[in-house]
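Read the figures in this text as sums done on the coordinates, not as results from a lab. In this text the structure is predicted, and so the values were computed from the model without any measurement. All Cβ positions, glycine included, derive from the backbone under ideal geometry; neighbour counts span all protein chains shown.
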């Protein structure tokens with residue numbers, strides 16, 4: 001009986017220690033949130049669209065314009081007083097890997113120098129990037145200069161990579177969008193995102209995603225961490241954050257990174273497509289509804305199927321603005337021609353503009369830069385409808401949603417109108433009607449990938465020669 005008592009006492013002590021450790025961890029994470037709660041956080045937020053428009057990508061004089069991505073990022077860093085937390089899949093702000101200079105490098109170099117200055121001003125700088133960036137000269141330099149850099153090994157977790165791109169400044173201000181901290185995002189790529197000022201309520205939610213990433217540094221398998229209350233979603237689809245005339249919530253991927261109360265990115269896009277009544281406009285670099293591995297591919301219907309439902313069952317107009325360049329998978333056109341074929345001989349598809357499901361798919365195909373290693377690419381990743389918008393970091397490719405780490409911001413109308421949704425619609429229409437957008441012709445392979453198809457038929461020696469000539473891809 002004495003032995004039983006000793007064993008029971010030891011078990012009770014172990015349980016008490018375990019409970020104490022759990023609650024001490026939760027308390028530490030409470031401190032990280034600086035006392036922010038749903039009751040005392042700020043909901044009077046300002047939202048600004050930021051874009052990077054590459055040099056040479058010209059619009060008409062009366063076309064709308066927004067704050068540049070470079071100005072937006074610099075404004076956030078100029079406002080920083082305590083902390084700057086950044087998640088970026090790539091970390092090459094100053095083009096440090098390049099042997100030769102490039103005319104669009106200067107913005108990335110200025111940004112890098114500004115980040116370096118933060119550490120000398122006793123402003124805490126935390127960076128999360130993909131583990132593939134461990135050997136990056138820029139990330140090594142940031143560590144040496146006082147920044148804390150953590151690496152997320154998505155390759156070990158899911159076989160993917162980090163696509164997330166967001167900033168949190170002083171736990172007050174946020175950037176979220178398509179652009180990585182990479183000189184090409186400030187030079188050669190057309191990017192779009194939003195900066196949300198003085199919005200500690202949204203920070204409360206975004207910081208939990210950042211903290212989850214931060215805790216995974218150095219790990220090669222995903223621990224069961226969702227019993228930490230401070231990882232739960234604060235706002236979600238069923239309980240969005242109400243800001244003036246809009247409601248917002250944050251989605252995340254992959255599924256293994258989502259607690260039960262946070263929906264993943266594809267579910268967030270689903271909800272917005274389902275809610276659309278008149279139109280759905282999508283701007284992404286790539287559209288490929290497949291799940292592919294080394295040996296097999298299978299149809300991934302989650303987004304493509306939703307668009308088909310909207311087209312046929314609800315007669316919603318759909319426009320797809322997709323980049324067309326040498327990295328575009330030729331199967332993209334098969335899926336788009338399939339969507340067009342749905343409208344064959346359907347009066348509501350062709351005769352009434354508002355009911356016309358696809359009046360054109362256009363491919364954003366600006367001329368490539370003289371240095372063909374660095375083409376100008378439309379890297380936008382957003383969707384806007386008559387009732388909502390979604391700004392994310394994924395192309396509409398099955399593998400990205402299943403394997404990669406990414407976040408998105410869903411914005412819906414709480415009143416009769418929403419300025420940010422109307423502004424995103426205007427951005428889309430500016431690009432749609434610009435001279436850079438070209439119509440997709442039925443059953444005709446666009447010129448932009450003819451070279452790729454030609455290369456596919458080349459001998460291996462010729463391919464290797466091309467790869468040596470053009471080693472960098474976006």
*With a ≥ b ≥ c the root eigenvalues of the C-alpha gyration tensor of the range 136-210, is it rounded (a/c under 1.5), prolate (a/b larger than b/c) or oblate?*
rounded
*Can you give me the Cα centroid spacing of the range 320-338 and the range 60-133 in angstrom?*
31
_With the cut-off at 1.5 for a/c, could you classify the range 165-278 from its C-alpha gyration tensor as rounded, prolate or oblate?_
rounded
*Throw me the Rg/Rh for the range 268-317, computed over C-alpha atoms with Kirkwood Rh, two decimals.*
1.05
*At R0 = 56 Å, FRET efficiency that the Cβ-Cβ distance of residue 314 and residue 83 yields, to 0.05*: 0.80
*asked:* Test of understanding: ordering 337, 214 by Cβ neighbours within 10 Å, fewest first, what list do you get?
replied: 337, 214
*asked:* I'd like the FRET efficiency for residue 274 and residue 71, computed as 1/(1 + (r/R0)^6) with the beta carbon distance as r and R0 of 41 Å, rounded to 0.05.
replied: 0.70
_Extension gain (nm, one decimal) between residue 430 and residue 345, 0.36 nm per residue minus Cα-Cα_ = 27.6 nm
_Relative packing of peptides 140-152, 392-404 - highest average C-beta neighbours within 10 Å first_ = 392-404, 140-152
_Just to confirm my numbers, what's the Cα centroid distance between the range 377-402 and the range 160-207 in Å?_
15
*Share of antiparallel DSSP beta bridges in the range 217-325, in percent to the nearest 5?*
45
*Determine, for 203, 48, the number of other Cβ atoms within 10 Å of each Cβ, and report the residues in order from fewest to most.*
48, 203
_Difference of contour (0.36 nm per residue) and Cα-Cα distance, residue 255 to residue 220_ = 10.9 nm
*Specify whether the C-alpha gyration tensor of the range 67-179 places it in the rounded, prolate or oblate class, a ≥ b ≥ c being the square roots of the eigenvalues: rounded for a/c under 1.5, otherwise prolate if a/b is larger than b/c and oblate if not.*
rounded
*Could you calculate the contour length gain from residue 150 to residue 232, that is, 0.36 nm times the residue separation minus the distance between their Cα atoms, to one decimal place in nm?*
27.4 nm
*By count of other Cβ within 10 Å, fewest leading, how are 429, 191 ordered?*
429, 191
